[in-house]
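K.L.:
Structure below; questions to follow.
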Amino acid sequence: MGYTPEELDQLKAWPFVEAKNLLKRINNKTPAKGYVLFQTGYGPSGLPHIGTFGEVARTTMVKRAFQEISDIPTKLVCFSDDLDGFRKVPLNVPNRDRLQEDLGLPLTKVTDPFGECKSFAHYNNQKLRSFLDSFGFEYEFISATQYYQAGKFDEMLLLALERYDQLMDIMLPSLGGVAKGRDKSYSPFLPISPVSGKVLQVPVLDRNISKGTILYQETDGEMIELPVTGGNVKMQWKPDWAMRWAQLEVDYEMYGKDLIPSGELARKLCRVFGKPPPLEMFYELFLDENGRKISKSSGGEGISMENWIDYSSPDSLGLFMFQKPKTAKRLTFDAVPRAVDDLQKFVASYPSQGLIEQLNNPAWHVYAGNPPKVGSDISYSMILNLVGAAGT
């Protein structure tokens, strides 16, 4: 804080570049809500994974850089999409046959296959919070279910009902539009059936703006009028994303490169809700040893977060996340010793550097501005070579 324009210009590490862009975007003024809001999202249909860590770690690095150059208060929220419908039974959970019966239900109504929590979403949310806490992240957890049911989205949902046609004009071209009949089948609103409890993907047959309701047809043919408020519906995920930006007044969010087209739509949708979209950053997905992208949709196998931490520390994983976030990198066992040795070098050089050099040093970002003192000069690679030579 208190840096001259010349000093700010010398801050080249990407978290500072993002932080400076964000500060410029808000005109160096505290937003009306009283703070700058950073957001990360989590889908609790599965356990937290290395991608979850990466997104929160990188966002935290930008938040920390912002705090260094500005006195404006900040907040990081982790938003769990736990009202989403349960679409697919994961392969890595017990009692899969029992879960099959819950397909279509909101995740907070799906049976916990581990038998420990109120629902599958509650189990995964608990794991997420324990996971983030174990790494020392500072954040506020938000549940979509609680937000919808408490009426915190009601104002935006009523606005969506009023501006339904504007939302449809943005969404339909991305779905095939009239040519594929999506104008008859798609709706931004997903009713939560009072009959089955499931999140339904059905067309909206009529809207009553004055009453704040939609009309849809149940699977048995019954016509049901449902309020869009109070947790009776949820939004399709892209309008939901935009609605969240608008309601929370999110200032900054990053996401994977595969979501860039969705982000472009969300920006347009956010303006329909009457608010400017946040500053965004995309990051590349990880690659396995065969060069395939590691993601839920494309598969690919690489080292897991648990494996990485078994062999090293979260700090080295933090460095891996810091380095070249917009470059696709192989997430393999070979990356571990490289990250450990690189971090050791960055930490060793830190004490002798000037302030600007320190702020550009990856160690500053990995350790939130407080790198440890230099430890052993023996590298991780040397230890591996010695172990290999000993045949153990």
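K.L.:
When the chain is treated as a GNM, springs tying every alpha-carbon pair under 10 Å, which of 94, 106, 325 comes out with the largest mean-square fluctuation?
P.N.:
The residue with the greatest mean-square fluctuation here is 94.
K.L.:
By how many nm would the segment from residue 146 to residue 4 grow when fully extended, if each residue of separation counts as 0.36 nm and the alpha-carbon distance is taken off?
P.N.:
Contour length minus Cα-Cα distance gives 46.7 nm.
K.L.:
Another question about this same structure. For the chain, what is the charge dipole size about the Cα centre, in debye to the nearest 20, if Lys and Arg each add +1 at the Cβ and Asp and Glu each add -1 at the Cβ?
P.N.:
It comes to approximately 600 debye.
K.L.:
Pairs of alpha-carbon atoms within less than 8 angstrom and 6+ residues apart define the contacts here; what relative contact order does the chain have, in percent?
P.N.:
14
K.L.:
Now a separate question. Answer with a single label: of [x] 4, 20, 29, 25, 14, 6, 2, 0; [y] 5, 23, 31, 24, 13, 3, 0; [z] 4, 13, 16, 11, 6, 5, 4, 4, 4, 4, 5, 6, 5, 5, 4, 3, 2, 1, 0, 0, 0, which was calculated as P(r) over Cα pairs in 10 Å bins from 0, in percent from the structure in view?
P.N.:
Identified label for the calculated read-out: [x].
K.L.:
What lysines sit close enough to residue 234 to cross-link, taking a C-alpha to C-alpha distance under 22 Å and skipping anything fewer than 8 places away on the same chain?
P.N.:
88, 109, 118, 152, 184, 198, 211, 268, 275
K.L.:
Please report how far the C-alpha centroid of segment 179-240 lies from that of segment 59-85, rounded to the nearest whole angstrom.
P.N.:
Segment 179-240 and segment 59-85 have Cα centres spaced 32 Å from each other.
K.L.:
Given the chain, what percent of its DSSP beta bridges are antiparallel, to the nearest 5?
P.N.:
45
K.L.:
Given only helices, namely DSSP H runs of n ≥ 4 each adding -39500 (n - 2.57), what is the per-residue ellipticity at 222 nm of the chain, to the nearest 500 deg cm²/dmol?
P.N.:
-12500 deg cm²/dmol
K.L.:
Starting from segment 133-194, pick out the GluC sites (Glu not before Pro) whose DSSP state is loop and whose Cβ has at most 15 other Cβ atoms within 10 Å.
P.N.:
When the GluC sites (Glu not before Pro) of segment 133-194 are filtered for loop state and at most 15 Cβ neighbours within 10 Å, 138 remain.
Where a number appears in this text, it was derived from the coordinates with a stated rule and is not lab data. Computed from a predicted structure; not experimentally measured. Positions of Cβ are backbone-derived with ideal geometry, glycine not excepted, and every protein chain shown enters the neighbour counts.
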